[in-house]
Amino acid sequence: MSFSVKSEIKENVAIVTMAGDLDSSTAPQLHEEIKKVVQENPKELVLCVEELNFMASAGMRVIIFAKQKLGSAASLILVKPQEQVHETLRMTGLLHSITIVDKYPE
Amino acid sequence: MENDTESKKFKATLDSLSSIREYVTEQASKAGIDKNRIYKLCLAVDEIATNIINYGYLRSGIKNAHVQAIITKNAKHFSVVLEDTAPPFNPFERELPNDEELNKPLEERPIGGLGIMLAKDSVDEFRYEYKNSTNRNIFRINICNEDT
């Protein structure tokens, strides 16, 4: 199984789309992409995760890192996480700081 | 109770994580365990395998090491045991985030400890033992039988 990630920034919104399995071997790829986009100080970070089949804590640490870099004024949006990924985010308390939507833009 | 056991050895590198998950998924599917519980079992195994590879072996400078995954099935339980020969590491001695920390805004949260917490919360039983110079992390799920 593999992982892929790409990003774009449009009008102050960073959109990061990922697919596959996000574990400790693939999280560094997401980390690099996030580092790149947070440098542009987006007001919104949108993570498109519909095709993400697995997320371990290594992936969550990257999301926490992203939010810490962005600061509380920027919003973090997750688009259509699969049920099990959603559940893991809930178990680790990440949902308090993330907005989940079915599609973006809504 | 009759036990059915098999095992597979994996190189202790992060690239093995997906193969370990595939192996657990394949065996658990054969045992008729539902997809949601397989996902959680894989998550638990993945988190601990990551710690073994990163902290047990890599940080100790141990090369060419392996992690053994042993699967045991019987009518009541499905278990995965991860065995490694890295220095003893008891995940239960690690401090985990408490509820207060988990409820903090992400900007103020400490970043560590989530993996072991997920491992514990994702299976019916998670145990650790150190025997014969081997770390053994034991994950067990109860097999639900609607007839009983």
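3J(HN,Hα) along the stretch B:4-12, derived from phi through the Karplus expression 6.51 cos²θ - 1.76 cosθ + 1.60 where θ = phi - 60°, amounts to 10, 10, 8, 8, 8, 9, 10, 5, 7 Hz, with x in place of Gly and Pro. Accessible surface area normalised per residue over the stretch A:3-101 is 42 Å², counting heavy atoms of protein chains with a 1.4 Å rolling probe. Annotation: lysines with alpha-carbon distance below 19 angstrom to A:LYS35 (same-chain offsets under eight excluded): A:LYS6, A:LYS10, A:LYS43, A:LYS67, A:LYS69. Between the amide H of A:CYS48 and those of A:VAL16, A:THR17, A:MET18, A:VAL79, distances stay under 5 Å, these residues lying 5 or more places away or on another chain, with hydrogens modeled in the peptide plane. Excluding A:HIS31 itself, what net charge comes from residues whose Cβ is under 14 Å from its Cβ, given Lys and Arg +1 and Asp and Glu -1? Around A:HIS31, the charge tally is +2. Per the accessible-area calculation with a 1.4 Å probe, the total area buried between chain B and chain A rounds to 2500 Å². Within straight-line reach of B:LYS30, meaning a Cα separation under 27 Å, sit the following lysines at least 8 residues removed in sequence or on another chain: B:LYS8, B:LYS9, B:LYS11, B:LYS40, B:LYS73, B:LYS76, B:LYS120. Taking the chain by itself as reference, the stretch B:84-118 contains these residues with an accessible-area loss of 50 Å² or more in the full protein complex (1.4 Å probe, heavy atoms): B:LEU106, B:GLU107, B:ILE111, B:LEU114, B:LEU118.
Candidates A:LEU22, A:MET55, A:ALA74 compared by Cα position along the dipole of chain A: farthest toward the positive end lies A:ALA74, with charges placed on Cβ.
About the centre of its Cα atoms, chain A shows a dipole size close to 360 debye [charges on the beta carbon of Lys, Arg (+1) and Asp, Glu (-1) only; nearest 20 debye].
The values are calculated or read from the model by the stated rules, or taken from the named source; none is laboratory data. These numbers come from a predicted model, not from an experiment. In this analysis, Cβ positions are derived from the backbone assuming ideal geometry, glycine residues included, and neighbour counts consider all displayed protein chains. Side chains are part of the model used for accessible areas, which takes the heavy atoms of the whole protein and leaves out ligands, DNA and RNA. Shrake-Rupley method; radii C 1.70, N 1.55, O 1.52, S 1.80 Å.
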